[in-house]
Each structure stands twice: as structure tokens, then as C-alpha cells.
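Participant: My questions all concern the structure below.
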Amino acid sequence: MEINVFKFCSGLRVLGHVMILLVAAIVGVSYYAVVFLTYGPQLLRGGFDSFLSFTIVIIFHVLLVLLLWSYIRVVLKDPGSVPENWRAVSGEESLEVGTSLAAAEDGFERRSRGGGYCIHCQNGKPPRCHHCQRCVLKMDHHCVWVVNCVGACNYKFFLLFLILYLDAVLNFAFALSLLCFVVMHASLLSSNTTSVEVHEKKGVIRWKYDLGRKKNFEQVFGTKKSLWLFPLFSEDDLEKIPALHGLEFPTRSDVDA
């Protein structure tokens, strides 16, 4: 009997905003340890240690601001909702010959030509969209740490949060497990795949949304390098990269054409 891990994870919603308080507590403890216990006293002593401590404290605060900014964005940002009465306009998302996407029984219906239909939402279902109480565009997973689904519109913010959170974690075991999670998502990012699609695309010779590492990265972070470390997108990227909105995704055939 196959176990649906995503259905189990969605049950963790009951933790709700307790997880937000836990995240805040971890950051608070780290802040106290770094600023007040370690580098604050050195800063007051003067000398070279004082200069070094000042530099570390400044860098720590910059990273902390980016961390909190990214976290607030991923918590509050809609991961991507399907417009009411959405219908596919073409059949360009039909499955390639030789591919096999397994559909789970609870809402992961097998895609038809040009997308599909969600029996729960009674609405059209764009490619790479999955149901989690509601349909989420390019859904990766429901994250209890951010009390939100992670999808097309907030995936970048989630990745930034993961990376920056490593800076705030002092417990080695927890940091190691978080690092493994970061490495996993780096692998998914490099192949333009989500956590859900990893379980779906068994038997696929080559993922049709894999555009190459550079373009895969730009599909999530945008092309403007100066904004890669910030939970923001340029207006130009939002206009030219449809994947950031979660309704359309270029395939290898589009890029090679």
C-alpha cells in the first residue's frame, strides 16, 4: 500500500501559528547568544577584537533583516491561486511520449491535454498545479514552519528563508538537518522540479521543464542579479517570465525552437 506523505504533512496544519512562535524563539535565542553573550562584550573591550566584533555584528544584523523579510514574505504571500473558471488555451502541455506521471487518488488527477480538472475545486487545473485544501500553482509542499503552502509565487522567498535561517541556528544537529533540506531544494531548483513532482515523474527519461541549470534558476529567482538575495522581483522579470506567476511554464521544446 502506497503512503501519501503529502496528505500526512497537510495534517500538520493544526500546529498553526505555534510554528511561527518557534521560529521567532530560535532567532531570538541566536540573537541573544551572538550579540549579547559573544560579540557584544568583545565590542566594548576595544582593540582589534572590537573591530572584528563590530564587523561580525553588522553582517549578522544585515542577514537577520534579510531573514525576517524573507520569512514574512513567504508567510504572507499567496503561493499562487488558480483564477476562477480557468481553462487551458492550448494543448501544449500534453505529456511527452515515453513519460509517466502517476496520479494519486486524492486530487492529483492524471493530466489531460492542456492541463486538467480539479474535482475538489470544481475548476480547471493548470500544469504543475496541485490541490492542498485549494489548488496551488506549481505547488512544492505545505510547510508547517511558514504556515503556508510553498508554490510558484513564494518559492524564491522560501529558499532565501532556508539559506538565511542557517545563519541563525546554533544547534549543530538542527543546522545539519536544515542544511540537508537546503541541499535537497538546490537539487530540485537545478532540475526545475518540485517536491511533489519528484514523486510523480518516476519513469520520465528527461523532465520536459528542465531548461538547463541557468534558466532553471532564473525561472525561480529572475534574471536581475542585484535582486537574487532579496525577496523581490523586478517588473521586467514579472513581465517576461510567466513561470513566476505559475500559470505557464516553458518546456525544452520552447527553448530549443
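The values are calculated or read from the model by the stated rules, or taken from the named source; none is laboratory data. From a predicted model like this one, the values you see are computed outputs, not experimental measurements. Note: ideal-geometry Cβ built from the backbone for every residue, glycine included; neighbour counts use all protein chains shown.
Participant: Sort out which residues of the stretch 186-213 are under 28 Å from residue 64 (Cα atoms) and surrounded by fewer than 20 Cβ atoms within 10 Å (Cβ to Cβ), and write them in order of number.
Facilitator: Across the stretch 186-213, the qualifying residues are 186, 187, 188, 189, 190, 195.
Participant: Any residue at all in the stretch 75-94 that's within 28 Å of residue 137 (Cα to Cα), at pLDDT 90 or above, of a type outside the set (Lys, Arg) and in a helix (DSSP H, G or I)?
Facilitator: Yes, the stretch 75-94 contains at least one residue that is within 28 Å of residue 137 (Cα to Cα), at pLDDT 90 or above, of a type outside the set (Lys, Arg) and in a helix (DSSP H, G or I).
Participant: Out of everything in the stretch 110-165 that is surrounded by fewer than 19 Cβ atoms within 10 Å (Cβ to Cβ) and charged (D, E, K, R), what residue ends up being modelled with the highest pLDDT?
Facilitator: Looking at the filtered set, the residue picked out is 134.
Participant: Please determine whether any residue of the stretch 15-36 is part of a helix (DSSP H, G or I) and closer than 29 Å to residue 119 by Cβ.
Facilitator: yes
Participant: In this structure, does residue 57 turn out to be within 30 Å of residue 118 (Cβ to Cβ), at pLDDT 85 or above, part of a helix (DSSP H, G or I) and hydrophobic (A, V, I, L, M, F, W, C)?
Facilitator: no
Participant: Let me ask you something else. Is the stretch 213-224 home to any residue that is in a loop (DSSP other than H, G, I, E, B) and at pLDDT below 95?
Facilitator: no
Participant: Has the stretch 121-138 got any residue that is closer than 30 Å to residue 32 by Cβ and part of a loop (DSSP other than H, G, I, E, B)?
Facilitator: Looking for residues that are closer than 30 Å to residue 32 by Cβ and part of a loop (DSSP other than H, G, I, E, B), one finds none in the stretch 121-138, hence no.
Participant: Identify all residues within the stretch 50-82 that are among the polar types (S, T, N, Q), buried (at least 18 other Cβ atoms within 10 Å of the Cβ) and within 14 Å of residue 39 (Cβ to Cβ); write none if there are none.
Facilitator: Within the stretch 50-82, 53 is the sole residue that qualifies.
Participant: While we're here: I need the full set of residues from the stretch 15-30 which are of a type outside the set (A, V, I, L, M) and modelled with pLDDT under 90, in order please.
Facilitator: Across the stretch 15-30, the qualifying residues are 16, 17, 30.
Participant: Let me ask something else. Determine if the stretch 219-241 includes at least one residue that is of a type in the set (Phe, Trp, Tyr), within 24 Å of residue 77 (Cα to Cα), surrounded by fewer than 17 Cβ atoms within 10 Å (Cβ to Cβ) and in contact (Cβ under 8 Å) with a residue 60 or more places away in the chain.
Facilitator: yes
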